[in-house]
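Enquirer: Could you have a look at this structure, given as structure tokens, before my questions?
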Amino acid sequence: MSTRRSNKHQVCGPSGLELRQQSLGNAANPAFLAYVLTCFVLSLNLLMLWVTSGAIRARGGVAINPEDGARYGVPMSELDPPAVARLLRAHRNGEATIYPFLLLGLVYVLAGGGAGIAVPIFMIFIFARIAHSIVYLRAMQPWRTIAFAASLLAIFALMAAVLHVLLTA
């Protein structure tokens, strides 16, 4: 004899144990949709930093790889121009926080975490990372540190949410 609780996606079996059912691929799971949107926006953030670094390098007429220098007829340089180096540092900084955040977000959603917690944490992290990219490229302190700290706080909040979901399941 099984009963279904509405909006919770939980099934109670004859033994009384609850099993969470995930409907990850559709609108029935708002936390998953928030996660997908978060992945999309953060991926765009990283890709824009990466592509922009290549565009600036190309405009500057330098190549860091011999094959690129030969193909485009530009001189080789062991070092990136300062603007490119700054973009790449911003990109590496983003990778250092975005990848762990996305992994934790996936664990949270797969563990059955709700959108009520996911959406605010995801939005804060997205805002902080985009703000960090902008202020990093504009060399704006203390805003760079504030944006980075906000992204770290969102990661810690997501860690706590993951633990809560796993320990109360």
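Enquirer: Just the residues that are basic (Lys, Arg) and in contact with a helix residue (DSSP H, G or I) (Cβ under 7 Å, 6 or more places away or on another chain), please, taken from segment 35-71. I'd like the intermediate steps shown before the answer.
Expert: Of the residues in segment 35-71, the ones basic (Lys, Arg) are 57, 59, 71.
Correct list: ARG57 only.
Enquirer: Continuing with the same structure: Before we move on, is GLY69 assigned to a helix (DSSP H, G or I), in contact with a Pro (Cβ under 9 Å, 6 or more places away or on another chain) and modelled with pLDDT under 95? Lay out the reasoning, then the answer.
Expert: On the way: assigned to a helix (DSSP H, G or I): yes; in contact with a Pro (Cβ under 9 Å, 6 or more places away or on another chain): yes; modelled with pLDDT under 95: yes.
So GLY69 passes the test.
Enquirer: Suppose we filter TYR99, TYR108 for residues that are surrounded by 15 or more Cβ atoms within 10 Å (Cβ to Cβ), within 28 Å of LEU37 (Cα to Cα) and among the aromatic types (Phe, Trp, Tyr); which single one remains? Explain how you work it out, then say what you get.
Expert: Details: TYR99 fails: surrounded by 15 or more Cβ atoms within 10 Å (Cβ to Cβ).
Answer to the selection: TYR108.
Enquirer: For segment 66-84, enumerate the residues that are exposed (fewer than 14 other Cβ atoms within 10 Å of the Cβ) and under 30 Å from ARG129 (Cα atoms). Spell out how you get there, then give the answer.
Expert: So the first thing to find is which residues in segment 66-84 are exposed (fewer than 14 other Cβ atoms within 10 Å of the Cβ), and the list is 66-67, 70-73, 75-76, 78-79, 82.
Passing the criteria: GLU78, LEU79, PRO82.
Enquirer: I'd like the full set of residues that are at negative phi and out of contact with any Lys or Arg (no Cβ under 9 Å at 6 or more places or on another chain), limited to segment 54-64.
Expert: Selection gives GLY54, ALA55, ILE56, ARG57, ALA58, ARG59, GLY60, VAL62.
Enquirer: A follow-up question, please. Just checking, which of ARG138, ARG129 is closer than 14 Å to ALA90 by Cα, crowded, with 16+ Cβ neighbours inside 10 Å and not acidic (Asp, Glu)?
Expert: Working: ARG138 fails: crowded, with 16+ Cβ neighbours inside 10 Å.
Being closer than 14 Å to ALA90 by Cα, crowded, with 16+ Cβ neighbours inside 10 Å and not acidic (Asp, Glu) holds for just one of ARG138, ARG129, which is ARG129.
The values are calculated or read from the model by the stated rules, or taken from the named source; none is laboratory data. Since the model is a prediction, treat every value here as computed from it, not as a measurement. Quick reminder, even Gly has a Cβ in these numbers, built from the backbone with ideal geometry, and neighbours come from all protein chains shown.
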